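The values are calculated or read from the model by the stated rules, or taken from the named source; none is laboratory data. The shown structure was predicted, so the numbers you read here are calculated from the model rather than taken from an experiment. Here the Cβ is made from the backbone with ideal geometry for all residues, glycine too, and neighbour counts use every protein chain on show. For the accessible areas, the whole protein counts, side chains as well, though only heavy atoms, and no ligand, DNA or RNA atoms are used. Shrake-Rupley method; radii C 1.70, N 1.55, O 1.52, S 1.80 Å.
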Amino acid sequence: NMYKRQQLDIHLTHVSAKCLHLYLRGNETRHTRVTLDFIHKRMLINRNQSDEGHSHGERSCPLLLEGKTLQLRVFSDSSSIEIFTDGGRTCMSSTIYPIHSSQDIWMKTEGGTVEIARLQLWNMQKK
């Protein structure tokens, strides 16, 4: 199976950015974008570039923030993405159907910075 199951843990501190964009299961043309909007306190999943047209649209939910830190846990596999913040205070999941094999993950901030205190990535295998 070319699609790995992945777990990504990120602990952000000293958040001064307006937004953090996290790009998952991606390459230059296809990816799923998760946006943490620190100003409007929303978490968004944008699937418009996730695959060849099976997944589309953007969903959002409240982002419950306390202070200037945030812990993210992201699970992804060949057909889904699940995102949890601060031990489950906020959670979202979405289906995706990528046909590409890229596993790239990258982040960008908008309007400021965040400090990454910890970043861990695991590739999980079936038992």
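When 47, 25, 33, 42 are screened for being surrounded by fewer than 17 Cβ atoms within 10 Å (Cβ to Cβ) and touching a strand residue (DSSP E or B) at 6+ places or on another chain (Cβ under 7 Å), only 42 passes. Residue count for the stretch 50-76, restricted to those that are surrounded by 17 or more Cβ atoms within 10 Å (Cβ to Cβ), at pLDDT 75 or above and not hydrophobic (A, V, I, L, M, F, W, C): 3. Given (1) without any contact (Cβ under 8 Å) to a residue 60 or more places away in the chain; (2) under 11 Å from the mean Cα position of the chain (by Cα); (3) surrounded by fewer than 17 Cβ atoms within 10 Å (Cβ to Cβ), where does residue 9 come up short, assuming only one miss? Of the numbered conditions (1) without any contact (Cβ under 8 Å) to a residue 60 or more places away in the chain; (2) under 11 Å from the mean Cα position of the chain (by Cα); (3) surrounded by fewer than 17 Cβ atoms within 10 Å (Cβ to Cβ), the odd one out for residue 9 is (1). Any residue at all in the stretch 52-74 that's of a type in the set (A, V, I, L, M), in contact (Cβ under 8 Å) with a residue 40 or more places away in the chain, closer than 20 Å to residue 106 by Cβ and out of contact with any Leu (no Cβ under 9 Å at 6 or more places or on another chain)? For the stretch 52-74, residues of a type in the set (A, V, I, L, M), in contact (Cβ under 8 Å) with a residue 40 or more places away in the chain, closer than 20 Å to residue 106 by Cβ and out of contact with any Leu (no Cβ under 9 Å at 6 or more places or on another chain): absent. In summary, strands (runs of 3 or more DSSP E) completely within the stretch 26-99 and bearing 3 or more residues that are within 13 Å of the chain's Cα centre (by Cα) and of a type in the set (A, V, I, L, M, F, W, C) occur at 42-46, 70-76, 80-85. In the stretch 77-115, of all residues being open to solvent by 80 Å² or more (accessible area, probe 1.4 Å) and in contact with a strand residue (DSSP E or B) (Cβ under 6 Å, 6 or more places away or on another chain), the one that is farthest from residue 32 (Cα to Cα) corresponds to 115.
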